[in-house]
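The values are calculated or read from the model by the stated rules, or taken from the named source; none is laboratory data. This one's a predicted model, so the numbers in the text were calculated from it and none came from an experiment. Positions of Cβ are generated from backbone atoms using ideal geometry, with glycine treated the same way; all protein chains shown enter the neighbour counts.
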Amino acid sequence: MFCNRPPNIINSVNDIPSTITTFHAGYKVQYTCLTGYVGTGTTTSECTFLGQWTFATLKCTRKLIDTQDVDFCFVIINFKLLAIDCGSPGVLRNGFLSGERFDYPNIIAFFCNDGYELIGKDTTRACQENGLWSGTMPICQSNERFMFFSFRNCSSCFF
């Protein structure tokens, strides 16, 4: 007696080559949970003399991650690790920022062009675990002082 391909078990793979379609009685198949899943139950199924597979009780459930084992905070989506992105902190007119990465836990610093001074209490900002920048955006203000004179009614002014 022969069996057709064994049944699939959700979130697992088996050790049978895809080219084999029928199996003789006594053939055993081994199931393994996918990466990121943990299994409970029996992991083997056998082709019986009745042409049916014995029932493998394997259940593969998503593995929980212990955050104490993770060095950096990451969001896990579909088993891909994605850094927490804060996005651009904004444009500093008449200045520039130091730092190329806008993800947690990176810090950027602000600087003004010559002739400008940094105004604001935050000269640095940190990308936080919640995806937001700490503090507030500073501004660059001109440090040149202009003096304006009125030449109206000026009879002794020389030009």
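Residues of the stretch 10-31 that are modelled with pLDDT of 90 or more, out of contact with any Pro (no Cβ under 8 Å at 6 or more places or on another chain) and surrounded by 12 or more Cβ atoms within 10 Å (Cβ to Cβ): A25, Y27, K28, Q30, Y31. Selection of first residues in the stretch 87-116 that are within 16 Å of Q128 (Cβ to Cβ) and of second residues that are of a type in the set (D, E, K, R) and surrounded by fewer than 16 Cβ atoms within 10 Å (Cβ to Cβ), restricted to Cβ pairs under 7 Å at least 6 apart or on distinct chains, gives the following pairs, ordered by first then second residue: F102/D85; D103/D85; Y104/E129.
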